[in-house]
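The values are calculated or read from the model by the stated rules, or taken from the named source; none is laboratory data. Computed from a predicted structure; not experimentally measured. Cβ placement follows ideal geometry from the backbone for every residue including glycine, while neighbour counts extend to all protein chains displayed.
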Amino acid sequence: MGCFRGVALVNASTQLARGVVRQIIETGITDVVLSPGSRNAPISIALYSAKKLGLLNLHVRIDERTAGFLALGISKASKRPVALLCTSGTAVANYHPAVLEAHHSQIPLLVITADRPAYLRQTGANQTTLQAGIFGTAAAFSADISASYPELGTVISHLCHGPVHLNVQLDEPLLLDDESDWLAGIKPGHWVNKELKKSEELTLSHSRGVIVVGHDRAGLSVEEIENFAIEIGWPLVVEDPLSFSRAVPHASLFLSSQRVRDLLRPEVAIVVGRTTLSRSINALVKLAVQEFVVDPRAESIDVKRNATQVFFFLPKVEKRFKQDSTWEATWNSFGEQTTALISGIPNWSEQNIARTLGASLVPGTTLFVSSSRPIRDLEGFAFPRTGIETFANRGLAGIDGNISTAIGIASQRESTVALLGDLSFLHDITGLVGPMDQTRVNLRLVIVNNDGGGIFSTLPQNGVLGFEEIFGTPHGLDIAAISASFGLDTTTVTGISQLSEKLLQPIVGVSIVVASVPSRDENARALRELNTKISSL
Ligand SMILES: Cc1ncc(C[n+]2csc(CCOP(=O)(O)OP(=O)(O)O)c2C)c(N)n1
């Protein structure tokens, strides 16, 4: 028994749990994703009290892997830390994928795992493993705390570097033995993101340069990058064309031609963030005489990032070159020629689905896009525009947790669309299990169903012995029936006008549109044919 801030006598675990929850609220954390269990009961009960008083939004998910990605999505969209809580044992390990993704994207997740007291470790006690520090270097900070009242200041301060792990040892009794008003007078805090703004300068003396922007923009805003690019005046090559209307269209496609790359060989490339989608863009960057990288993550995560110079923030630019109008005109001309070429792609194809979706999203819509072909089809085939806010899990490009991340993002926005491959959908099917009413979510999931991993047909392993069994992995499942079994409004579309019509309808609640497409083989063939045409540009 102990005295918590002089309020009442409570058991040690309840006291500890309440201390943790108070500090969560005082830090400015507003959302917690909880997965049920016994060992975490004191914290779960304390969180519920806080929720009842309107101090926290509590999201409950039975699957910790799903919960982790839900928290990731909420944090990405709200730009605030989100806390997770689970019980001891395998539950903890289920957070690992989301923790890794959060680490590589520097997303502040406060991962709270309940544990038995340290004296029970390695004694054969039930549901007890060495879970303190289990996330290794993926956690910006790990703490293993026990009954004495913990000040979480240090723990919380590390959230600006990514996920933080708080392992909490809770001894029995686990249930509360008083009903005191322990949250009286609490003042919810306001989370302020640490701004990384230092003044470093970059002098540019060559006129033939290019600015390349990775999908997650290294966490920088579209506006900051736009202004930076306008000031420099070089062609803008982006992985996410839905955020930059002045980007050169279809650059990832025309740069796949060695001849075009040689013609467009830049003297300087400025790379904002990481470019993880197209070999063609990375090949162009390699041709540059000088490469400058702008990415805050190079300070702590990608510390071996190699470039002429690495900046952790957008530098102030001193321009010592004359604008070369023919340089930009050459880039634009390849963009225009490619636009003309892709108008010939099959109408009902994965490429045209991405292109149509990119063009038809209503301004103000938020888009989440899964890894694999969907994000590459948007990169290559969507025409540059603005008015859409885009998200993807590009930290580690996993096909896991995509539904959950999209739901997390959608819970923070009015209207969200997610474009997912069928395997990405199936991988996170438990993301659909959960009381959707707890999170106000307007989300339309568009599933491109090519019955397996379409990307592998576009890669060199296409055609190896056993390809279908070990790469293609057809599942033969009825995605629409699966989603309908979750009680979700489900439509199957098999034509581009049907899809366009659907995309224009208001997004209310969670619904699923299954875009059933021709074979993965046909898709790869269409891409090859296009590449052949591009190589003769
Ligand atoms: C968690 C995880 N497991 C495996 C992979 C490897 N992988 C990359 S793409 C892919 C197939 C994705 O299929 P789907 O989502 O249907 O998209 P498609 O390739 O058909 O566009 C796989 C298995 C991964 N990126 N992440």
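Data for the structure
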item: Failed condition for Pro315, given (1) farther than 20 Å from Phe391 by Cβ; (2) out of contact with any strand residue (DSSP E or B) (no Cβ under 6 Å at 6 or more places or on another chain); result: (2)
item: Total residues in segment 442-467, condition farther than 18 Å from His427 by Cα and not aliphatic (A, V, I, L, M); result: 9
item: Criterion (in the same structural domain as Asn449 (by TED's automatic domain parsing) and either over 30 Å from His96 (Cβ atoms) or in contact with a helix residue (DSSP H, G or I) (Cβ under 6 Å, 6 or more places away or on another chain) (or both)) met by exactly one of Ser371, Ser333, Ser424; result: Ser424
item: Whichever residue in segment 164-206 is of a type in the set (Ser, Thr, Tyr) and assigned to a loop (DSSP other than H, G, I, E, B) and, among such residues, is farthest from Gly89 (Cα to Cα); result: Ser205
item: Qualifying position, being touching a His at 6+ places or on another chain (Cβ under 9 Å), in the same structural domain as Thr366 (by TED's automatic domain parsing) and over 18 Å from Leu357 (Cβ atoms), among Gly452, Gly476, Gly472, Gly463; result: Gly452
item: Condition met for Thr326 (under 15 Å from Pro384 (Cα atoms), part of a helix (DSSP H, G or I), away from the ligand (no atom under 16 Å from the Cβ) and not acidic (Asp, Glu)); result: no
item: Phe425, sole failed condition from (1) within 20 Å of Ala359 (Cα to Cα); (2) within 14 Å of the ligand (Cβ to nearest atom); result: (1)
item: Meets criteria (touching a residue at least 12 places away in the same chain (Cβ under 8 Å), in a strand (DSSP E or B) and not assigned by TED's automatic domain parsing to the domain that holds Ile232) for Ser142; result: yes
item: Condition met for Ala91 (farther than 30 Å from Gly214 by Cβ, buried (at least 20 other Cβ atoms within 10 Å of the Cβ) and outside the structural domain of Asn393 (by TED's automatic domain parsing)); result: yes
item: Residues satisfying the stated conditions in segment 207-258, i.e. polar (S, T, N, Q) and either within 24 Å of the chain's Cα centre (by Cα) or part of a loop (DSSP other than H, G, I, E, B) (or both); result: Ser207, Ser221, Ser243, Ser245, Ser252, Ser256, Ser257
item: Some residue of segment 75-89 being assigned to a loop (DSSP other than H, G, I, E, B), within 16 Å of the ligand (Cβ to nearest atom) and over 26 Å from Pro296 (Cα atoms); result: no
item: Criterion (free of Cβ contacts under 8 Å to residues at least 12 places away in the same chain and surrounded by fewer than 16 Cβ atoms within 10 Å (Cβ to Cβ)) met by exactly one of Glu201, Glu179, Glu224; result: Glu179
item: Number of the exception - Ala515 against (1) modelled with pLDDT under 95; (2) within 16 Å of the ligand (Cβ to nearest atom); result: (1)
item: Of the criteria (1) out of contact with any helix residue (DSSP H, G or I) (no Cβ under 6 Å at 6 or more places or on another chain); (2) modelled with pLDDT of 95 or more, which one Arg440 fails; result: (2)
item: Failed item in (1) in contact with a helix residue (DSSP H, G or I) (Cβ under 6 Å, 6 or more places away or on another chain); (2) under 30 Å from Val99 (Cα atoms); (3) not charged (D, E, K, R), with Thr356 passing the rest; result: (2)
item: Close pairs (7 angstrom Cβ cut-off, 6 or more residues apart or separate chains): within 17 Å of Thr390 (Cα to Cα) and at pLDDT 95 or above in segment 67-81, buried (at least 24 other Cβ atoms within 10 Å of the Cβ) and hydroxyl-bearing (Ser, Thr, Tyr) anywhere; result: Phe69/Ser404; Phe69/Thr405; Leu70/Ser404; Leu72/Thr405; Gly73/Ser404; Gly73/Thr405
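Let's see how each residue does on (1) surrounded by fewer than 24 Cβ atoms within 10 Å (Cβ to Cβ); (2) more than 13 Å from the ligand (Cβ to nearest atom); (3) assigned to a loop (DSSP other than H, G, I, E, B):
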position	(1), (2), (3)
Ile409	no, yes, no
Ala418	no, no, no
Leu445	no, no, no
Ser457	no, no, no
Gln461	yes, no, yes
Val464	yes, yes, yes
Pro474	yes, no, yes
Leu477	yes, no, yes
